[in-house]
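A quick write-up on the structure given underneath.
The values are calculated or read from the model by the stated rules, or taken from the named source; none is laboratory data. Only a predicted model underlies this, so the values are computations on that prediction, with no experimental measurement involved. Neighbour counts run over all protein chains shown; Cβ positions are idealised from the backbone, glycine included. In case anyone asks, the SASA skips ligands and DNA or RNA and just uses the protein heavy atoms, side chains included. Shrake-Rupley method; radii C 1.70, N 1.55, O 1.52, S 1.80 Å.
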Amino acid sequence: FFNKEGDFNNLTAAAYHKKTHLLVTGFASGIFHLHELPDFNLIHSLSISDQRIASISINCTGDWIAFGCSGLGQLLVWEWQSESYVLKQQGHFNSMVSLAYSPDGQYIVTGGEDGKVKVWNTSSSFCFVTFTEHNSGVTAVTFTSTGYVVLSASLDGTVRAFDLHRYRNFRTFTSPRPSQFSCLAVDSSGEIVAAGSQDSFEIFIWSMQSGRLLDVLAGHEGPISSLSFNPMKCVLASASWDKTVKLWDMLDSWRTKETLIMNSDVLVVAFRPDGKELAVAALNGQITFWDHENAVQTGSIEGRHDLQMGRKELDKITAKQAAKGKSFTTLCYSADGQSILAGGLSKFVCIYNIKEQILMKKFEISCNYSLDAMEVICVSKEMKEFFLWTQNNITDLYKLFLNIAKCQIKFLQNYRHFKPEIRVTCVRFCPTGRSWAATTTEGLLLYSLDSGLIFDPFELDIDVTPSNIHKTLSQKEYTVAIVMAFKLNEKKLIQEVIEAVPSSEVDVVCSSLPDLYVEKLLEFLASAFETSCHLEFYLTWAHKLLMLHGQKLKTR
């Protein structure tokens, strides 16, 4: 039907709403049509992008239509009657490379290989502003201490400052000769901006106020991989592939205060929040801790085995052998400075206790087996064919080469498509200490100790009255009655409802109680123990609540 006029590309997605007889069709060209069936009356058609529409969904009333464009990472919700967007969200086109929390933990800024800088709200999970001024991949992003300015470094040779009040690029920092910036740091006052270069091995220092280049720090003999300002002192730490970490004193005309020699190329440095310790991750897989004041190493963690590398489909060596060349590429201290987060070319993020130098927990960031390097043992059909000649003990050189050539042709035929490799590009702890975030192949992931958005289906309205609570109680809907009683927050009513629950039902009620009311109920029980004569009954409540919800409460 759609191709008879030859105007449109292939149909890629469709959805039908039964009640309203609405047919929505999406095409490879990014156009969608709305038709009314059975007469096929065209209501309207619109182009939402130049990428193919991958999926379509209609809500239950038939008013809103959701479109997904996988090519751009786009999600659109369209209200067709008013012809307006309800929701417009777009992720990074390529993988995210860097992230940073705002000082209050409310926002996260991310930079991607697509050259975009995006700012996300941590509570709603939505991106509310995108800056597209960079012409090449963004390598590092950070907030200033005020939380109103975002800085980003890019391979296009610029460091840009963005204002979150007016959403504009108000300052652009450049070097005298074009340089590709690989890392970025801003001091605790927000006045000094530093960026490290990949090609000239120099560190550039600018003034935020004037935008003027203040100094160029030379001394490293390899690309600068990481920069970090001491939160408490005017000291900048720089890491390089030349196996050194240099400490530069801002107050002493940027002279090198100390040079720490490592056994391997240094990939990342991070100061502890109190500024008294420096963590360094190197190419040999080690994380070392330094007292930078005295240039003394205080500890080390051998973390390569904890990364637990997966085997890629075309790897000729086992995951165990491949792991010998892998290391952590991103580090971050927890807010209290007692733990350190580390991630790299793996599906795991490790959290270590620094004092004990032990692995506390490993977070598996993905279970998506369509990504490469997810499995430790990976033997594909092509790999089996590739190694057939070893099993058959072929001595004829001609046959051997012929077999290899055939397998290589098969590889090319089967692997023309790109299969992204699982990796963690950046980890950051929230300044509040309650959550941390990671940019990965799967996107931006947030891990939190708090349950965050507590889903509470019983909203306070005019129906929550004492008479209705008694009515609910008589219908034996005990959980609903308890929640309603807590909504009104009258102590005598709460006591009446709890004491009306039969002891045989306590277990069931405790298991179905929303998290929000578990703590309220425990607080009530604690005060009731002082006055009530029903000691065993209240102890049963307390015991059941703690057995079912104790683990969740403990984490908080």
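Key figures for this structure:
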{"item": "Per-pair calculated FRET efficiency, R0 = 41 Å: GLU421 and MET232 via Cβ, rounded to 0.05", "result": "0.60"}
{"item": "ASP215-SER145 FRET efficiency (beta carbon distance; Förster radius 22 Å; 0.05 resolution)", "result": "0.55"}
{"item": "Set LYS347/LYS552; LYS88/LYS347; LYS312/LYS552 screened for pairs whose C-alpha atoms are more than 27 Å apart", "result": "LYS88/LYS347; LYS312/LYS552"}
{"item": "Accessible area (Å², 1.4 Å probe, nearest 10) - LYS326", "result": "50"}
{"item": "Segment 507-555 and segment 26-68: distance between their alpha carbon centers, rounded to Å", "result": "51"}
{"item": "THR540 versus GLU499: modelled label distance in nm, points set 7 Å from Cα along the beta carbon direction", "result": "1.5"}
{"item": "Nitroxide proxy distance, nm - points 7 Å out along Cα→Cβ at SER300 and ASP507", "result": "5.5"}
{"item": "Label-to-label distance, nm, for residues given as GLU364 and ASP199 (7 Å Cα→Cβ offset)", "result": "4.3"}
{"item": "Heavy-atom accessible surface of the chain: percent carbon and sulfur, 1.4 Å", "result": "52"}
{"item": "Length added when fully stretched, HIS470-ASP50, from 0.36 nm per residue minus Cα-Cα", "result": "145.3 nm"}
{"item": "Answer label, with Cα extents along the principal axes in Å calculated from the coordinates and candidates [x] 131, 127, 57; [y] 114, 66, 57; [z] 80, 74, 65", "result": "[z]"}
{"item": "Reachable aspartates and glutamates, given that their alpha-carbon falls under 13 Å from the alpha-carbon of LYS419 and they are not under 8 places away in the same chain", "result": "GLU313, ASP372, GLU442"}
{"item": "Cβ-Cβ FRET estimate between GLN357 and GLN89, R0 fixed at 35 Å, reported to 0.05", "result": "0.25"}
{"item": "Solvent-accessible surface (1.4 angstrom probe) belonging to TRP80, in square angstrom, nearest 10", "result": "40"}
{"item": "Residue-averaged [θ]222 nm for the chain, counting only DSSP H segments that reach four residues, each worth -39500 (n - 2.57)", "result": "-6000 deg cm²/dmol"}
{"item": "Solvent-accessible area per residue for the chain (1.4 angstrom probe, square angstrom)", "result": "51"}
